[in-house]
Amino acid sequence: MSQSMAFASRSGWKDEERNHLWREVEKTSASGEPLRLAFDRVAEATGRKSNSIRNFYYSAVKSGQVPGNVPTVRALPFVPFEQEEASSLLRAVLIAQGKGQSVRACVQELSCGDKGLALRLQNKYRAILRSHRKLVEETIIQLKKEGLPCIDPYEKSDCADNPQLPKTLNTLLAQMTPETRTRFLDFSCRLAAFLVNK
């Protein structure tokens, strides 16, 4: 571990701090390491926060204040989903849910374990549910015509009759009084609907 550099000011950047940042960025770039490691190393050396260092770096990149020898790698540009990709995603998730799989498990499978892609797919699926109800409803009709299992994410169902629930939960439900069971199921279904539409 390196010792912290003694810097008097925290608000302005001293030349020594800037130069240290540029050296770390060059080092991480040359070794193929994530840029985040450069920010973390500078944070450890200077006592500044890693996120503040990141903000300073990207501000310098944007304003052209980075020395010419320092790489200025930027994030890849945003690539929107094609209509066919969005429809395929919707079909895959609705079918997976019809088989009892969660949205998260389905997108993990579709992304082959790539966490960034899984998050992107899950966000797209949620956006489709929120903003394209007609497309979702048409897709459900088509899946049913094809005889494929699917769920209607907008439909409230009696969760107690779901064979996918763990046996212990079904046992617990069976032991509840009718009034408690009804209140519990109503709450659970409202919570599930809220989470699906969030």
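The values are calculated or read from the model by the stated rules, or taken from the named source; none is laboratory data. Computed from a predicted structure; not experimentally measured. Virtual Cβ from ideal backbone geometry, glycine too; neighbours counted across all protein chains shown.
Considering only the range 113-198, give the helices (runs of 4 or more DSSP H) lying wholly within it that have at least 3 residues that are within 22 Å of L94 (Cβ to Cβ) and either touching a helix residue (DSSP H, G or I) at 6+ places or on another chain (Cβ under 6 Å) or at pLDDT 85 or above (or both). If you could, list the steps in order and put the result at the bottom.
Working: elements: 115-131, 133-145, 167-175, 178-197.
Correct list: 115-131, 133-145.
Within the range 105-127, is there a residue that is buried (at least 16 other Cβ atoms within 10 Å of the Cβ), within 24 Å of D186 (Cα to Cα) and touching a Cys at 6+ places or on another chain (Cβ under 8 Å)? No, there is no match, as no residue in the range 105-127 is buried (at least 16 other Cβ atoms within 10 Å of the Cβ), within 24 Å of D186 (Cα to Cα) and touching a Cys at 6+ places or on another chain (Cβ under 8 Å).
Show me the helices (runs of 4 or more DSSP H) entirely contained within the range 5-102 in which 3 or more residues are at pLDDT below 90, farther than 30 Å from K145 by Cα and outside the structural domain of H132 (by TED's automatic domain parsing).
On the way: elements: 15-31, 35-46, 50-63, 83-98.
Because the criterion is at least 3 residues that are at pLDDT below 90, farther than 30 Å from K145 by Cα and outside the structural domain of H132 (by TED's automatic domain parsing), the helices (runs of 4 or more DSSP H) in the range 5-102 that meet it are 15-31, 35-46, 50-63.
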